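Student: Let me begin by handing over the structure; questions about it come next.
Every number in this text was worked out from the coordinates using simple rules, so none of it is lab data. No experiment lies behind these values; they were computed from the predicted model shown. Note that we place each Cβ from the backbone using ideal geometry, even for glycine, and neighbour counts take in every protein chain shown.
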Amino acid sequence: MSGFYDTKDYSSLSEKVYRILREGIAEGRYQTGECLVEMKIAEELGVSRTPVREALKQLELEDLVASHPNRGVVVKAFSSEDLQDVSTIRHLLEGQAAYWAAERVTELQLQELKEVVELMEFYTGKNDASHLVQLDTRFHELIYEASGSRTIRHILASLHHNIRKARQSSLTMPDRAACSLHEHIQIYQAIERHDAPAAKLQMESHVAIAAGGRPVE
C-alpha cells in the first residue's frame, strides 16, 4: 500500500494497519469467525509482521477479535446484547453531543452537515444502503466534532465498529432508510436553529428508533 514503505516508525505504521483492519471489520470485509492471518495481512499491505501484530493486539483490547491457541486471531461475533449496550450508550452520549453541537457548531460544520443530509436524500431515493451507512457515520461524526467535547468524541470513536454494525442492521430494515432521513433532517434543522434542547430530543428519538424502540416524548 502506498506510503507504507517510506517509514520506520512502527508505532505510526501499526496505527495505520489497525485503522485499515478495524474499518474492514466494520464494513464486513472481514467476517465473523474469519481468521486474520498475520503473514497474509502483512503481504497484502506491504508491511512487516511487527505492525500487523501490534494492530491485532489493539483490536483484541477493543474486543473486536479473539486469540485462540489453535486457530489464531479470529473476528468476534456481534451479539444482540452488544447492540443493546451500544444503543444505551449512544442514547446517553449522542443526545448531549447534539445539545452541545447546537450551541457550538460553526458555519463550516453546518454546511458540511447540510451536504451530508442532501447526499442522504439522494442515496435514499436510490435505495443505496452502502452509501447511506457511510453518510450516516459521517453525519454523526460531524456532530461529535461540533460538540467540542474531546471526551464524547473519544468514547464514541472507540465504539465506531459496534455503532457501524448497528447502523448497518438498522438501515437494512424495510422503510427504515426513509424514516432515518427524516430524523436526520430534523436533527440538522434543530442544530441549524441553535435549538439545543430540540437537537438533544431529536437525537435521542433517532437513536431509540434505530434500536427498535419508540421515539422520545
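Student: For a test of understanding, tell me how many lysine pairs in region 1-153 have Cα atoms under 27 Å apart, given they are 8 or more places apart or on different chains.
Tutor: 10
Student: Dipole size in debye (nearest 20) for region 4-119 around its Cα centre, Lys and Arg Cβ +1, Asp and Glu Cβ -1? Could you put the intermediate results ahead of the total?
Tutor: Numbers: 14 positive and 22 negative charges, 92 e Å.
Rounded to the nearest 20 debye, it is 440 debye.
Student: For GLU115 and ALA77, compute 0.36 nm times the residue count separating them, minus their Cα-Cα distance, and round to one decimal in nm. All intermediate terms of the calculation are to be shown ahead of the outcome.
Tutor: Working: separation 38, 0.36 × 38 = 13.68 nm, distance 3.41 nm.
Value of the extension gain: 10.3 nm.
Student: Of HIS91, GLY72, GLN109, which is farthest on the positive side of the dipole of region 27-154, counting Cα position, with +1 on Lys and Arg Cβ, -1 on Asp and Glu Cβ, and the Cα centre as origin?
Tutor: Checking the options against the dipole of region 27-154, the answer is GLY72.
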